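Report on one structure; see the data block that follows.
Readers should treat all values here as calculations from the given coordinates under stated rules, not as data from a laboratory. These numbers come from a predicted model, not from an experiment. Cβ coordinates were reconstructed from backbone atoms using ideal geometry, including for glycine residues, and neighbour counts include every protein chain displayed.
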Amino acid sequence: MKKWVLFLLIFAAAFQARAEVAAGSSDKDTMTRQEAIQILFSTDAVKKKLGDLFSWTTGYDASKINRVRLTPTIDYIKVVPLRVPPDGRTIFEILAAVNDPGGIKNISGVRADLSPIGRLKDTTLFESSHTQLPSSAESVYKVETSVDRQVEFGRKDIAVSAANKKGWMALAKTSLIVSLNPTVVGTQIFPDNVVSKTASTITVVLRISNSGQPEDIVSVMADLRQFGIKEKMPFKAEGRVAAGEIDTLWSLQIKLPDTLSAGTYLIPVEAINLAGGVGRGAAELRVLK
């Protein structure tokens, strides 16, 4: 490949050098072969190309050649939600934004290999929306599916391909995590500390990331036996952390007895989802003298 590129560059530079000599010389219409070679290799353009060709850092590849772009592109792929339980029922989406130099109508198909999660190896993604960009037309393709019950836990790679009507293809991949349990990713108590031997009311706030859809969390409970409350108390769902987020907030108000001594208390919490997964954590309460 490099030899052919170099040949073409030298060939073009030879014409340029010969024209320059002809333009600047009125009394000599011909030159010897040795003179042509000397002029050719003394031009700045050829020196630079030869330097790039034999450089260990610059190199010379197809990106240095002007060419018509023919292949489609997959601008991004994402999985929503990122963590999914292997229960055969929790639905998640695979989204791929596809672009083509001939316009989105030139796309003949977008497919995904879902065999790593126990589904079809050649699954079709369907067009869902259009976004007009300044220089091209982009479309989002998606498919909704679930993870088979026989799939083992862990990260699974999903390969996606986009083909156009001219036979060119683009390949990309994304991944999802097959897991069962929700995760308590953050805890906070308001106020963050109370005074001992004083009746107080605190609010415990949890941030929970579910394995599956956020609404698939069926219960979040707190163990309050150390405060003289025998039954577990349920948290109240407050909604998502922010627009577009998959984590949710849960809160619980607790009336503390006036018999607490100074020290640090851990409040155990437990979250359960529809797939039967259980996530555990603890909120830390400091009681001052």
> When the chain is fully extended, how far beyond the present Cα-Cα distance does residue 197 get from residue 80, taking 0.36 nm per residue of separation?
Replying inline: 37.3 nm
> Between Rg and the Kirkwood Rh of segment 73-178, both from Cα atoms, what is the Rg to Rh ratio?
Replying inline: 1.01
> In nanometres, what is the gap between the two model label sites at residue 289 and residue 226, each 7 Å from Cα along Cα-to-Cβ?
Replying inline: 2.0
>> At R0 = 41 Å, how high is the FRET efficiency between residue 121 and residue 185 if r is their beta carbon distance? Nearest 0.05 is fine.
In response: 0.75
> Given a Förster radius of 41 Å and the C-beta distance between residue 258 and residue 237 as r, what FRET efficiency does 1/(1 + (r/R0)^6) yield to the nearest 0.05?
Replying inline: 0.85
> Which translational diffusion coefficient, to the nearest whole µm²/s, is obtained for segment 197-267 from the Stokes-Einstein equation, given a Kirkwood hydrodynamic radius over C-alpha pairs, 4 °C and 1.567 mPa s?
Replying inline: 95
> How high is the FRET efficiency between residue 155 and residue 106 when r is their beta carbon distance and R₀ equals 41 Å, given to the nearest 0.05?
Replying inline: 0.75
